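*Asks:* Here it is, the structure in full.
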Amino acid sequence: MIALTLDEIAGIVDGELAAGTRSALVVDGPAFLDSRKPVPGGLFAAFDGANADGHDFAAGAVQAGAAAMLGSRDVGVPGVIVRDVEAALGRLARGVLRRLPETTVIALTGSSGKTSTKDLLGQVLATHAPTVFTEGSFNNEIGLPLTVLRADENTRYLLLEMGARGVGHIKQLCELAPPNIGLVLNIGTAHVGEFGSKETTASAKGELIEALPKDGLAVLNADDEYVARMAERSDAPVLWFGDQPSARVRAADVTVDENSCAGFTLSVDGVEARAQLRFVGEHQVSNALAAAAVCTGVGMTVPEIAAGIDAAEPLSGGRMTVTHRADGVIVIDDAYNANPESMRAGLKALATLARARSAGRSWAVLGQMAELGDSSAEAHDALGRLAVRLRVDRVLAVGPEARMIHAGAMHEGSGGQESATVADPDEAIAVLRAQLRPGDVVLVKASNSVGLRRVARALLEDDER
């Protein structure tokens, strides 16, 4: 974060200094929430949450090196006191951005692939100029300001992932951090239970494009009809990526290696370079094109972009994270989130990995896809049917909400040996420990609320032991 005195911070957030606080005390580190991970010179944001009150930990954070606290009550440490810590954090982020006129703010959203694309794009941009980007999926009204407050005078690109739970949420995030470049990946069925329809999802995600200035840039997926319509929602120029004739950024000669990682020829306005992804799944090619389009928009050359793609690695856990155990078992941890589109992509990647190995079986350990609303039963049934068509050897549906996956597999022709249900993650772990053989490939995937990451961790802990 840029260096600010507490007096300056108080002015930005409309707060007051805590008793005994020196107004000239300087905060020159980022804001943070976890007192167990203090940032030297940083600003500890004390939230009074349902399970813990951050104010109780403020003294420890300051003793460990934080410069001060941003909180809603005086607890005897240097700090700025405000009525609403979340709102103040947002005002501080907006105030800091106003002092960084040379920083290009790039925001991205979509129904699926946001975090993987953000991780890829952030690493490629960083080869061009100093870049700050969202950690993990810290993409809401608290996470976004925390990312902004990691930027300083040297930051050329500030890359922000934006999530939404309803109409108006992305508009709010764009008010905190007005974007210069907006990227929309896709509109799918993720969270359709919350939004109500894909049309409403598109309306919400498109708020990012509406927030762009006339001299900004909209980067849009030409292959997604809902995204393509967003071009009408802004006066900013559009840079298209995909397979359609309108796309300037395209992929050709796509190949998939034995690790289910795709290589392709990147083409931008006819200039070509070969790129090889380290991210698992052929679906990552579209994400890579999205990243390449943004990089094209900021002036990177095609060879530079391809080299950046070659070097970029998956950063956020639980998203197609592949680990090879010593006994030859391969674990694919994709249990952070799930929707029909990402489930299909995960199953295809599993099938590709398994086919590349003559020994071993493919296992799909699948849990509920949450927030699908009335389409839930049909979507889970279709998932089981797809697993059978892809010749996945074992389908393990975890939890009562996932029983339709098993039903779909059985209806598609799976026998009792190939598909089964278990009550919870613990039972899934027991089955896997009893039946896994060297060379097996295991995909673990569900919505985060199901807790299947515990299954992946257990399989990896077995390897460590």
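The values are calculated or read from the model by the stated rules, or taken from the named source; none is laboratory data. This structure is a prediction, so every number in the text was calculated from the model and none was measured. We place every Cβ from the backbone using ideal geometry, glycine too, and count neighbours over all the protein chains shown.
*Asks:* Give Asp333, Asp327 a once-over and let me know the one that is within 26 Å of the chain's Cα centre (by Cα), assigned by TED's automatic domain parsing to the domain that holds Leu459 and farther than 18 Å from Ser419 by Cβ.
*Replies:* None of the others qualify; the one that does is Asp333.
*Asks:* Failed condition for Gly41, given (1) under 22 Å from Arg91 (Cβ atoms); (2) free of Cβ contacts under 8 Å to residues at least 12 places away in the same chain, with all others met?
*Replies:* Here Gly41 clears every test but (2).
*Asks:* Also, quick follow-up: What's the total number of residues in the range 385-420 that are within 17 Å of Arg361 (Cα to Cα) and in contact (Cβ under 8 Å) with a residue 24 or more places away in the chain?
*Replies:* The qualifying residues number 16.
*Asks:* Please specify each residue of the range 201-215 satisfying the condition of being out of contact with any strand residue (DSSP E or B) (no Cβ under 6 Å at 6 or more places or on another chain) and among the β-branched types (Val, Ile, Thr).
*Replies:* Correct list: Thr201 only.
*Asks:* Shifting gears a bit: When you check Pro78 against the structure, is it over 30 Å from Ala164 (Cβ atoms) and either within 27 Å of the chain's Cα centre (by Cα) or modelled with pLDDT of 95 or more (or both), yes or no?
*Replies:* yes
*Asks:* So in the range 152-195, with the set limited to residues that are in contact (Cβ under 8 Å) with a residue 60 or more places away in the chain and of a type in the set (Gly, Ala, Ser), which one is surrounded by the most Cβ atoms within 10 Å (Cβ to Cβ)?
*Replies:* Applying the filter and picking the extreme gives Gly182.
*Asks:* Return yes or no: is Ser112 within 30 Å of Ile187 (Cβ to Cβ), crowded, with 20+ Cβ neighbours inside 10 Å and under 25 Å from the mean Cα position of the chain (by Cα)?
*Replies:* Taking the combined requirement at face value, the residue satisfies it.
*Asks:* Residues that are buried (at least 22 other Cβ atoms within 10 Å of the Cβ), basic (Lys, Arg) and outside any strand (DSSP E or B): does the range 235-253 have at least one?
*Replies:* No - not one qualifying residue is present in the range 235-253.
*Asks:* Please go through the range 223-247 and pick out each residue that is of a type outside the set (Asp, Glu) and closer than 18 Å to Glu199 by Cβ.
*Replies:* Once the filter is applied, which keeps residues that are of a type outside the set (Asp, Glu) and closer than 18 Å to Glu199 by Cβ, the range 223-247 yields Tyr226, Val227, Ala228, Arg229, Met230, Ala231, Arg233.
*Asks:* From Arg94, Arg99, Arg83, which residue is out of contact with any Leu (no Cβ under 9 Å at 6 or more places or on another chain) and on the phi < 0 side of the Ramachandran plot?
*Replies:* Result of the check over Arg94, Arg99, Arg83: Arg83.
*Asks:* Is it the case that the range 287-298 has a residue that's assigned to a helix (DSSP H, G or I) and under 22 Å from Gly408 (Cβ atoms)?
*Replies:* Checked the range 287-298: no residue is assigned to a helix (DSSP H, G or I) and under 22 Å from Gly408 (Cβ atoms).
*Asks:* Right, here's the next one. I need the full set of residues from the range 334-369 which are at pLDDT 90 or above and surrounded by fewer than 20 Cβ atoms within 10 Å (Cβ to Cβ), in order please.
*Replies:* Scanning the range 334-369 gives Glu341, Arg344, Lys348, Arg361.
*Asks:* Still on this structure: Go through the range 10-39 and report how many residues are within 15 Å of Leu146 (Cα to Cα), assigned to a loop (DSSP other than H, G, I, E, B) and not β-branched (Val, Ile, Thr).
*Replies:* Final tally of qualifying residues: 8.
*Asks:* Might you let me know whether the range 312-323 holds any residue that is under 24 Å from Ala190 (Cβ atoms), assigned to a helix (DSSP H, G or I), among the β-branched types (Val, Ile, Thr) and modelled with pLDDT under 95?
*Replies:* No; the residues of the range 312-323 include none that is under 24 Å from Ala190 (Cβ atoms), assigned to a helix (DSSP H, G or I), among the β-branched types (Val, Ile, Thr) and modelled with pLDDT under 95.
*Asks:* Next question, about the same structure. Restricting to the range 55-88, name every residue that is over 19 Å from Thr21 (Cα atoms) and part of a helix (DSSP H, G or I). Working first, answer last.
*Replies:* Start the filter on the range 55-88 by keeping residues that are over 19 Å from Thr21 (Cα atoms), which leaves 84, 86-87.
Those that are over 19 Å from Thr21 (Cα atoms) and part of a helix (DSSP H, G or I): Glu86, Ala87.
*Asks:* Also, I was wondering about something else. Quick test of your reading of the structure: Leu25 fulfils all but one of (1) in contact (Cβ under 8 Å) with a residue 40 or more places away in the chain; (2) touching a strand residue (DSSP E or B) at 6+ places or on another chain (Cβ under 9 Å); (3) exposed (fewer than 14 other Cβ atoms within 10 Å of the Cβ); (4) not polar (S, T, N, Q). Name the failing condition by number.
*Replies:* (3)
*Asks:* Next up: Take Glu258 and decide whether it is of a type outside the set (Ser, Thr, Tyr), in the same structural domain as Ile170 (by TED's automatic domain parsing) and part of a loop (DSSP other than H, G, I, E, B).
*Replies:* yes
*Asks:* Next up: Show the residue pairs that are 6+ apart or on different chains and have beta-carbon atoms under 7 Å apart, the first residue being within the range 358-382 and under 18 Å from Thr201 (Cβ atoms) and touching a residue at least 24 places away in the same chain (Cβ under 8 Å), the second being in a helix (DSSP H, G or I) and hydroxyl-bearing (Ser, Thr, Tyr).
*Replies:* The qualifying pairs are Ala370/Ser449.
*Asks:* Separate question: Yes or no: Ala218 buried (at least 22 other Cβ atoms within 10 Å of the Cβ), farther than 21 Å from Glu341 by Cα, of a type outside the set (Lys, Arg) and over 18 Å from the mean Cα position of the chain (by Cα)?
*Replies:* yes
*Asks:* Surrounded by fewer than 19 Cβ atoms within 10 Å (Cβ to Cβ) and among the aliphatic types (A, V, I, L, M): which single residue out of Ala58, Ala64 fits that description?
*Replies:* On the way: Ala58 fails: surrounded by fewer than 19 Cβ atoms within 10 Å (Cβ to Cβ).
The unique qualifying residue is Ala64.
*Asks:* Also, I was wondering about something else. For the range 337-357, give me the residue count where each residue is assigned to a helix (DSSP H, G or I), under 18 Å from the mean Cα position of the chain (by Cα) and of a type outside the set (D, E, K, R).
*Replies:* Of the residues in the range 337-357, 5 are assigned to a helix (DSSP H, G or I), under 18 Å from the mean Cα position of the chain (by Cα) and of a type outside the set (D, E, K, R).
*Asks:* Related question: Would you mind listing the strands (runs of 3 or more DSSP E) fully within the range 358-465 where at least 1 residues are basic (Lys, Arg), under 16 Å from Met343 (Cβ atoms) and within 25 Å of the chain's Cα centre (by Cα)?
*Replies:* Numbers: elements: 362-366, 394-398, 419-422, 441-445.
The strands (runs of 3 or more DSSP E) meeting that bar are 441-445.
*Asks:* Okay, moving on. Do the conditions hold for Ala45, that is, is it closer than 23 Å to Val148 by Cβ and touching a helix residue (DSSP H, G or I) at 6+ places or on another chain (Cβ under 7 Å)?
*Replies:* yes
*Asks:* For the range 67-102, which positions are under 19 Å from Asp48 (Cα atoms), of a type in the set (Lys, Arg) and surrounded by fewer than 17 Cβ atoms within 10 Å (Cβ to Cβ)?
*Replies:* Arg73, Arg83
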